[in-house]
2 protein chains.
Amino acid sequence: MTLESSVKISKALGESTRLKIIKLLSVRPMYVCELESVLKISQPRISQHLRIIKEAGLVKERKEAQRVFYMLQTDYLQSHLKKLINFLDEDLENLPEFEEENSRLQKLQCDSNVVNCKNIYENN
Amino acid sequence: MTLESSVKISKALGESTRLKIIKLLSVRPMYVCELESVLKISQPRISQHLRIIKEAGLVKERKEAQRVFYMLQTDYLQSHLKKLINFLDEDLENLPEFEEENSRLQKLQCDSNVVNCKNIYENN
DNA sequence: TGCTTATATAAGGATATTATTATATATATA
DNA sequence: TATATATATAATAATATCCTTATATAAGCA
């Protein structure tokens, strides 16, 4: 799980229309026009949100004649959420994307008693 | 878990600087100046992101002299993520915020064979 | 073939978000 | 008390997001 992909997925979940689309697709896969009819919002708006959800990897599509069938990748989403829970417990050393932050944090710990933030900052 | 609060938390997670702050605070609570020193980004930028994270309920603060100590509400965040996993499995009927969507979806199911999306839309 | 349906995409404006710079506030300290 | 430190907030500019309207594409259907 990269930071970037995690941000993308959280962004996909962090908008109410998209969260509704995702929940509806968890009930069953749907055509765009079905989402349109259930949500009562415009078709381009749905297509645009679906694109963001798709780019986050949360749905797969299947073209059926002129319709497009959208399927939520439930397992992928749920496993991502579980990874996010573990991410919070993970040692910083085990997260390559935090290499620099970790070394600065280590150094900061060594400067034992944090008396003065100004000094912390200047020394690091 | 309301939709709104869920969106707020996902939004808080859906930005790379904030996700980094949250991860760092999972290691241990920190002062703003420590975050500044570890992340090497400007103080106002950190304070502004902390405000968003705080408004999502993910951190608590404690003022200590002129410094402010930020503590991640790890249990709250993790329990939210677990609720989000369950949310995907939840029956639509049990989600008050999907009352209208659910009734439209029910009606749509009854119109048995989905031959024509145009008709679906006009009938609902 | 012409019309309808289903969806995607582009263009536009409105609003929101992010980052920077500047300033305010509060506390500590010399 | 004057100065330094720690943080928050305001103002601004740059960018991104979201929604609407309009258009393009592609597949049915009369």
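The values are calculated or read from the model by the stated rules, or taken from the named source; none is laboratory data. Source: prediction; values computed, not measured. Note: ideal-geometry Cβ built from the backbone for every residue, glycine included; neighbour counts use all protein chains shown. Areas reflect the complete protein model, heavy atoms only, side chains present, ligands, DNA and RNA absent. Shrake-Rupley method; radii C 1.70, N 1.55, O 1.52, S 1.80 Å.
Once label points are set 7 Å from the Cα along Cα→Cβ at both residue A:78 and residue B:43, what is their separation, rounded to one decimal in nm?
Those two pseudo-labels are separated by 4.7 nm.
Out of all Cα-Cα pairs in the stretch A:1-116, roughly what percent, to the nearest whole number, are more than 25 Å apart? Present the calculation step by step, with values, prior to reporting the outcome.
Working: 2652 of 6670 pairs.
Counting pairs separated by more than 25 Å, the tail of P(r) holds 40 percent.
Below 8 Å, C-alpha to C-alpha, sequence gap of six or more: please give me the relative contact order for chain A in percent.
Values: 89 pairs, mean separation 27.7, N = 124.
22 percent.
If you wrap a convex hull around the C-alpha atoms of the stretch A:47-109 and split its volume per residue, what is the figure in Å³?
Numbers: hull volume 6.7 nm³, N = 63.
Convex hull volume per residue, Cα atoms: 107 Å³.
In this model, which of A:83/B:23; A:23/B:107; A:11/A:107; B:8/B:107; A:83/B:83; B:20/B:83 are farther than 24 Å apart at the alpha-carbon?
Working: A:83/B:23 13 Å; A:23/B:107 18 Å; A:11/A:107 33 Å; B:8/B:107 31 Å; A:83/B:83 14 Å; B:20/B:83 22 Å.
Flagged as over cut-off: A:11/A:107; B:8/B:107.
Of the candidates B:48, B:106, B:73, which one comes out as most mobile in a Gaussian network treatment of chain B with C-alpha springs shorter than 10 Å?
In the Gaussian network model the winner is B:106.
How much accessible area per residue does the protein assembly as shown have, in Å², with a 1.4 Å probe? Show your work: numbers first, answer last.
Numbers: 12750 Å² over 248 residues.
For the protein assembly as shown, the solvent-accessible area averages 51 Å² per residue.
Quick one: plug the Kirkwood hydrodynamic radius of the protein assembly as shown (C-alpha pairs) into Stokes-Einstein at 10 °C, 1.306 mPa s, and report D in µm²/s. Before the final figure, lay out each step's value.
Details: Rh = 20.0 Å.
Once the numbers are plugged in, D ends up at 79 µm²/s.
Leaving out ligands, DNA and RNA, and with a 1.4 Å probe, what % of the accessible surface on the stretch A:3-76 is carbon or sulfur?
Working: 1620 of 3260 Å².
Solvent-exposed carbon and sulfur of the stretch A:3-76 make up 50 percent of the total.
Comparing the chain by itself with all protein chains present, which residues of the stretch B:37-80 are at least 40 Å² less accessible (probe 1.4 Å)?
B:37, B:38, B:40, B:67, B:78
Which whole number in µm²/s is D for the stretch B:1-55 by Stokes-Einstein, with the Kirkwood Rh taken over Cα pairs at 20 °C and 1.002 mPa s? Don't jump to the answer; show the numbers that get you there.
Details: Rh = 11.6 Å.
This corresponds to a translational diffusion coefficient of 185 µm²/s.
In the neighborhood of residue B:52, defined by Cβ-to-Cβ distances under 11 Å, what is the net charge if each Lys or Arg adds +1 and each Asp or Glu adds -1? Write down the numbers at each step before the final one.
On the way: positive: B:8, B:11, B:18, B:51, B:54; negative: B:15, B:55.
So the surrounding residues net to +3.
Excluding residue B:61 itself, calculate the net charge of residues whose Cβ lies under 15 Å from the Cβ of residue B:61, where each Lys or Arg counts +1 and each Asp or Glu counts -1.
Values: positive: B:28, B:51, B:54, B:60, B:62, B:63, B:67; negative: B:34, B:55, B:64.
Computed value for this residue: +4.
Tell me the total accessible area that A and B bury against each other, 1.4 angstrom probe, in square angstrom rounded to 100. Working shown, then result.
Values: alone 8790 and 8820 Å², together 12750 Å².
Separately minus together, A and B give about 4900 Å² buried.
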